[in-house]
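The values are calculated or read from the model by the stated rules, or taken from the named source; none is laboratory data. Predicted, not measured: the structure shown is a model, and the values here were computed from it. Don't worry about glycine lacking a Cβ; one is built from the backbone with ideal geometry, like all the others, and counts go over all protein chains shown.
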Amino acid sequence: MSEAVPRLARRLAVLLALVLACGQATAQAQTAQEILAASDRIRNPHEPFRLTSSLVEFVGGKPRGQSVLFVYAKEDPTTHRFRNLVRYVEPPRDAGKMALLDNHVLWFYDPASKASVRISPQQRLIGQASIGDILTVNLAADYTGTLAGTETIQDAARQDKLCWHLDMAAATDLATYFRVEYWVEQKTSFPIKAKFYSDSGRLLKILYYRGFSEQLGVIRPTEAVIIDAVDTALVTTLKFSDYKFQEIPEAWFQRDYLPRLRAD
Amino acid sequence: MARRGLPAALAVLLLALPAAAADENRDLDLIPEAAGQAPEAVSPDAAAQSRQRIFLENATTGWSVRNSFAVPPPGPPPPDWQERLFLDARIEHPLADGLGVTFSDRFNGMAESDVPFPSHGDVRNDFRESFLSWEPLTQNYLELGRINLKSGVASGYNPTDFFKTRAVVDRISQDPASLRENRLGTLMLLGQTIREGGSLSMAFAPALYRPSPLYPDVLPSFDPMFDRTNAHDRVLIKGSASLPFDLDPELLLYHEGTRTQLGGNLSRAVGQSTVLYAEWAGGEHASLIQEALTYGRQTGTLPTYAPSPLPGDPRASFQNEIAVGASYATENRITFNLEYHYHEAGFSGRDWRNWFAAGTANPNLLSVAGPLWFIRSYALDQQEPVGRHSAFLRADWVDAFIPQLELTGFVDVDLHDGSCLVQLTADYYLSNAWTVGAQANADLGGARSEFGSLPQAASLLLKLVRYF
């Protein structure tokens, strides 16, 4: 018995090496960061753009309220992080509220009180703006990825997809999440699934990408399903529409511009 | 046994390798069937929807009133109950490219225990804002009309919010966040330029009326009350910049009548969960007691040559107002704000002792109790704290216990006597259109304390809101 364990370990190591080698042979051509970057390019245009996002929150399987947001996004040429301006359309009680999400500079504006309130990155996770932010984040800018292996997992339509499995750690304090697990389809670089963790190791959100269609010249995911891992009865579906390239001046990314952000 | 067990163990381990992917696929079981469909297409008039907020609210309030007082307040006792239905609208409407108009108003129908029904006191229109906005050059703006101009980064008290004075006409909620919503704008011309890295704003509000006495509890029905907002020439210059270290400072210069004040705002995020902020305003003026008595005499509420019921220095000196605090957000969607407020012109411990001594020495003498309570009413009208030192703690919990339930609570503590104002609010979002809520507040403290001496001890409000 005492001899069997080392022998088992040696045999297992050989077998594992063989199994992993199949995946790594292909991975040598692409590093984890390159896979991330390729997937980022699929998810978001490089040029400034705007879109409309519609969210439906499900509680216990039943739809409870819809939110609609206008999102303006622009990539910072230096940091390659996206900066967002968000204008609330629905629900009616939040209509006209706005948020500036620019790295650590986060402001929330309520036209009813005319008040601009500075919020923390953690508060960005409260409410729908957080979801818009998840989907325009450039993961390659904020996270350092390692290749955990190759896996065939099912996408949101329950179709098998051969994916890179990336394990990503926050590379800067600007990263919203401490750790992200990410699955990217090998053949297309399409993002398939992500899992977001807090610094305490708690799984916070599970995200599936779906609804791939051509938007602004590239086939992108236009829908997502987000499962609240803390309370799995909460599921949010999200649809992006009305993609448009739009000139977004740098001056827009400051607190005093928020009241001026028009809904055209 | 070891040799027989080895292949079996190896088989189990090998089977475990693809099991990882199988486990991943179990996450798909968490997606409800109804979520298989994409959300409905966005309404084509979504842009118009985002430019307006209209709601109808019914609010029923009951008050518990104190029976005994250290210093009896003059006038009739406050109401026991109130039933109110109001229509609230804020609408932005584009007129042409770069030109738009904004309108904000609340129309109230009320019944109250101390107001005859029907009477003029049963209806009231709060005309909050109406202004034209024009962008003649890119990111250069001119606005003209009744504008609610707000400044400040703090949550419980904003020393740099210079246009807050006399603007609040409705105190359904005592939450400072709510008080900012239903207040009157000021007739002004506002210019603003926004550049990369900063902005500059200038506002001029002309004096169109003479200062008017404080309003009684029952306000006029259809009076825009410009006398509250435009009794002095007022100028505000405000500049902000985006500096390194994400400090986002804002500097303000404000002039009203003969008084000039400086102000500043600073905020910075620290880590993922915390925001630190500080707000300061300073200028030369008299104490709250002297300012209130001067205003009362000027507007005819107090006799012109009546002596002050409280000792104090009538001379002006440099007075500081400070709000410094931090917000902290948890993973459980709770946001806390903790602040310290310093209002140098407010009551010191000695002022409070003098206030109660003067009032209790002559409890039934209106010529004493009247000015004493006028000072406190004046502070409320100016939206200034009465005391010099106070602490403020606010908590907001989104999806508290169950989804769609939001709990908000705050406590405002007078650090001199430990008395406090406490308010708890629960809002349950039944749907996108309907909200039901309850709100309770209480003035806690001894009879000879700031909040314990107020006539209203506690209140409970129930509300139903329909958004359109």
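With the structure loaded, tell me whether B:T160 is of a type in the set (S, T, N, Q), more than 13 Å from the chain's Cα centre (by Cα) and within 25 Å of B:A395 (Cα to Cα) or whether it fails that test.
Taking the combined requirement at face value, the residue satisfies it.
Being within 14 Å of chain A (Cβ to nearest Cβ) and either surrounded by fewer than 16 Cβ atoms within 10 Å (Cβ to Cβ) or among the hydrophobic types (A, V, I, L, M, F, W, C) (or both) narrows it down to one residue among B:I289, B:I322, B:I334; which is it?
Answer to the selection: B:I334.
When you check A:K193 against the structure, is it surrounded by 21 or more Cβ atoms within 10 Å (Cβ to Cβ) and either touching a Leu at 6+ places or on another chain (Cβ under 9 Å) or at the interface with chain B (Cβ under 9 Å from one of its Cβ atoms) (or both), yes or no?
Yes; evaluated as a whole, the condition is true for this residue.
With the requirement that a residue be of a type in the set (A, V, I, L, M) and either surrounded by fewer than 18 Cβ atoms within 10 Å (Cβ to Cβ) or not in a strand (DSSP E or B) (or both), what does segment B:209-247 give you?
Correct list: B:L214, B:V218, B:L219, B:M225, B:A231, B:V235, B:I237, B:A241, B:L243, B:L247.
Tell me, please, whether a residue that is of a type in the set (A, V, I, L, M), farther than 17 Å from A:L174 by Cβ and in contact with an Asp or Glu (Cβ under 7 Å, 6 or more places away or on another chain) can be found in segment A:65-75.
Yes: one or more hits.
In segment A:192-219, which residues are touching a Lys or Arg at 6+ places or on another chain (Cβ under 6 Å) and not hydrophobic (A, V, I, L, M, F, W, C)?
Those that are touching a Lys or Arg at 6+ places or on another chain (Cβ under 6 Å) and not hydrophobic (A, V, I, L, M, F, W, C): A:Y197, A:Y208.
Among the residues of segment A:99-144, write down those that are at pLDDT below 80, small (G, A, S), within 23 Å of B:L276 (Cα to Cα) and not in a loop (DSSP other than H, G, I, E, B).
A:A129, A:S130
Just checking, how many residues over segment B:248-267 are in contact with a Lys or Arg (Cβ under 8 Å, 6 or more places away or on another chain) and surrounded by 19 or more Cβ atoms within 10 Å (Cβ to Cβ)?
Total meeting the criteria: 6.
Output the number of the condition that B:Y277 fails; it satisfies all remaining conditions of (1) touching a Phe, Trp or Tyr at 6+ places or on another chain (Cβ under 9 Å); (2) over 25 Å from B:D227 (Cα atoms); (3) among the aromatic types (F, W, Y).
Of everything listed in (1) touching a Phe, Trp or Tyr at 6+ places or on another chain (Cβ under 9 Å); (2) over 25 Å from B:D227 (Cα atoms); (3) among the aromatic types (F, W, Y), B:Y277 misses just condition (1).
Take residues that are within 30 Å of A:L174 (Cα to Cα) and tell me which of the strands (runs of 3 or more DSSP E) falling wholly in segment B:248-365 contain 3 or more.
Strands (runs of 3 or more DSSP E) meeting the threshold: B:259-270, B:274-285, B:317-329, B:334-343.
Taking segment B:416-468 on its own, how many of its residues are under 21 Å from B:A395 (Cα atoms) and of a type in the set (A, V, I, L, M)?
13
Which strands (runs of 3 or more DSSP E) does segment B:123-208 wholly contain that include 2 or more residues that are more than 24 Å from A:L261 (Cβ to Cβ)?
B:123-137, B:198-205
Does segment A:169-201 hold any residues that are among the charged types (D, E, K, R) and over 25 Å from A:V218 (Cβ atoms), and which are they?
Correct list: A:D173, A:R179, A:D199.
Filter segment A:61-117 down to the residues that are more than 7 Å from every other protein chain (Cβ to nearest Cβ) and among the acidic types (D, E), then identify the one that is farthest from B:I54 (Cα to Cα).
It comes out as A:D76.
I'd like to know if segment A:175-189 contains one or more residues that are more than 10 Å from chain B (Cβ to nearest Cβ), over 30 Å from B:F245 (Cα atoms), without any contact (Cβ under 8 Å) to a residue 40 or more places away in the chain and not in a strand (DSSP E or B).
yes
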